[in-house]
Amino acid sequence: LALDLKLRSDLKSDQAVIEAAELLKEGEIVALPTETVYGLAADALNPEAVKKIFKAKGRPQDNPLIVHIADQSQLEQLTAGKISTKARKLMQRFWPGPLTIIFPKKEEVPETTSAGLETIAVRMPAHPLMLAVIESSGLTLAAPSANTSGFPSPTRAEHVYNDLKGKIPLILDGGFCHFGVESTVIDLSGDQVRVLRPGGISREEISRFLEEEVILAAELKNDKVLSPGMKYRHYAPEKKLYTFNFADRISVLNQALKRAENTRIAIITARESEIDTGKLPDKNIKILRVFDHKAPEELAQKLFDLLRKMDADQSIEEIYIEELDRAGIGEAVMNRIYKAAAADQYSQPGGGDN
Ligand code: TXA
Ligand code: MG
């Protein structure tokens, strides 16, 4: 991670950090960068403040929020009962970082924050600005992604601005987010560790560390305790999005060729793909070679920005995106892509959020 956590103490006296902390203490909402995506933050223990998040995003009331802390001692304000050894181990290893853990909720945490659930999702983000604001305010911060509900998550301050201008008083600009996909949400309450939403920390990494199998909740049928956010359409560009895999690229692109006579399309592909541009009517096809199959984190980082750029580009009507292997962060990337693609095209299970 290219972020220097030692910056925290200096940042705490930064004017922008103080302004953000003041607003939050007054019950306002503020957009802040994290290492995954930008978050829209409010005092997690103030229901009136948290309501403003739901309103600004247009978020369904039944979708609970993740609470962000800067120090493990803040857990006491949020969780009930004893923290398990496994949870402690995971926090020790992966915090600060993109791992969200579900805990039994303390009664004092408002229902608005947990969307009526008995549990609360908590993580310690690894972004110096976010950490500095948490420390400076002394609060725990509820923060979903700072996008309009259903839209691609924001990975640059400009994305937040485009979605929420006029609806929030402040955005702190921390540049491009490092991971580009949200945190991994895990549930430790059952016999097996379950990933409710794949994210920045891969299932393999958690599994290797705990030396046990970690399952993807969406793989189970009749699994009732999934992240409530999973049922909504998410991350979606306004334009139609299709996926194709490397083996099918010739037939997919032939189809695209036919369609390109009257539809303008963009193809997002791996750099090593051999797509014969000579055969394509370049007037209607735009090819973007943006990632390397061996480096899925490249696509993770750029994905939401790409989807937003495609939407803003008047010369594009449809988007085709090449699938990647679901190993490592590829699991989170493909989860977001399937979610963003038209639901009737893919009966793909998968976690999500909004
Ligand atoms: O990386 C992230 O997690 C970003 C940054 C801002 O921290 N936040 C984020 O929040 O992605 P949001 O609200 O967009 O997604 C939260 C996800 C949703 O799928 C929600 O349903 C799930 O976490 N979730 C929250 N609390 C839960 C709970 N108590 N039980 C199960 N799922 C929960
Ligand atoms: Mg979200």
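The values are calculated or read from the model by the stated rules, or taken from the named source; none is laboratory data. Just so it is clear, the model here is predicted, and its values are computed rather than measured. Neighbour counts run over all protein chains shown; Cβ positions are idealised from the backbone, glycine included. To get the accessible areas, we keep the full protein, side chains included, count just its heavy atoms, and leave off ligands, DNA and RNA. Shrake-Rupley method; radii C 1.70, N 1.55, O 1.52, S 1.80 Å.
List the trypsin sites (Lys or Arg not before Pro) within region 82-190 that DSSP assigns to loop and that have no more than 11 neighbouring Cβ atoms inside 10 Å. In loop regions of region 82-190 (DSSP not H, G, I, E or B), the sparsely surrounded trypsin sites (Lys or Arg not before Pro) are LYS82, LYS165.
Looking at the chain, which longest stretch skips every one of the GluC sites (Glu not before Pro) that is in a DSSP loop with at most 15 other Cβ atoms within 10 Å, leaving the sites themselves out?
119-210
To the nearest 10 degrees, how steeply does helix 296-312 sit against the main Cα axis of the chain, on a 0 to 90 scale? The angle comes out near 70 degrees. Extending 7 Å from Cα along the Cβ direction at LYS240 and again at ASP191 yields two label points whose distance is 4.6 nm.
In terms of its alpha-carbon gyration tensor, region 122-187 comes out oblate; a/c meets the 1.5 threshold, while b/c is at least as large as a/b.
Any chance you could check the Cα centroid distance between region 21-61 and region 318-336 for me, in angstrom? Cα centroid to Cα centroid, the span is 29 Å.
Against the main long axis of the alpha-carbon atoms of the chain, helix 47-57 sits at an angle near 10°. When the chain is treated as a Gaussian network with alpha carbon springs shorter than 10 Å, the biggest mean-square fluctuation among PHE291, PHE209, PHE244 belongs to PHE209. Normalised per residue, the accessible area of the chain is 44 Å², obtained with a 1.4 Å probe and no contribution from ligands, DNA or RNA. Computed extension length for GLN92-LEU117: 6.4 nm, one decimal, from 0.36 nm per residue of separation with the Cα-Cα distance subtracted.
Subtracting the Cα-Cα distance of GLU261 and SER207 from 0.36 nm times their residue separation leaves 14.6 nm of extension gain. Rounded to the nearest 5, what % of the DSSP beta bridges within the chain are antiparallel ones? Around 40 percent of the beta bridges assigned by DSSP in the chain are antiparallel ones.
Accessible area of region 1-125 with a 1.4 Å probe: how many percent of it is carbon plus sulfur? Within region 1-125, the accessible surface is 49 percent carbon and sulfur. For the chain, modelled as a GNM whose springs connect Cα atoms under 10 angstrom apart, the maximal fluctuation among ASP248, ASP305, ASP71 occurs at ASP248.
Eigen-decomposition of the gyration tensor built on the alpha-carbon atoms of the chain gives equivalent ellipsoid semi-axes of 35, 23, 18 angstrom, largest listed first. Beta bridges assigned by DSSP with both partners in region 52-125 are antiparallel in approximately 60 percent of cases. Site pair GLU48 and SER13 shows an inter-label distance of 3.4 nm when each label is modelled 7 Å from Cα along Cα→Cβ. For the chain, the longest principal axis of the Cα atoms and the long axis of helix 128-137 meet at an angle of about 30 degrees.
Taking Cα atoms of region 28-118, Rg/Rh with Kirkwood Rh, to two decimals?
Working: Rg = 13.4 Å, Rh = 14.1 Å.
Rounded to two decimals, Rg/Rh equals 0.95.
Calculated mean residue ellipticity at 222 nm for the chain: -8500 deg cm²/dmol, from DSSP H runs with n ≥ 4 weighted as -39500 (n - 2.57), summed, divided by the residue count and rounded to 500. Taking 0.36 nm per residue of sequence separation and removing the Cα-Cα distance, the ARG289/LEU170 pair yields an extension gain of 39.3 nm.
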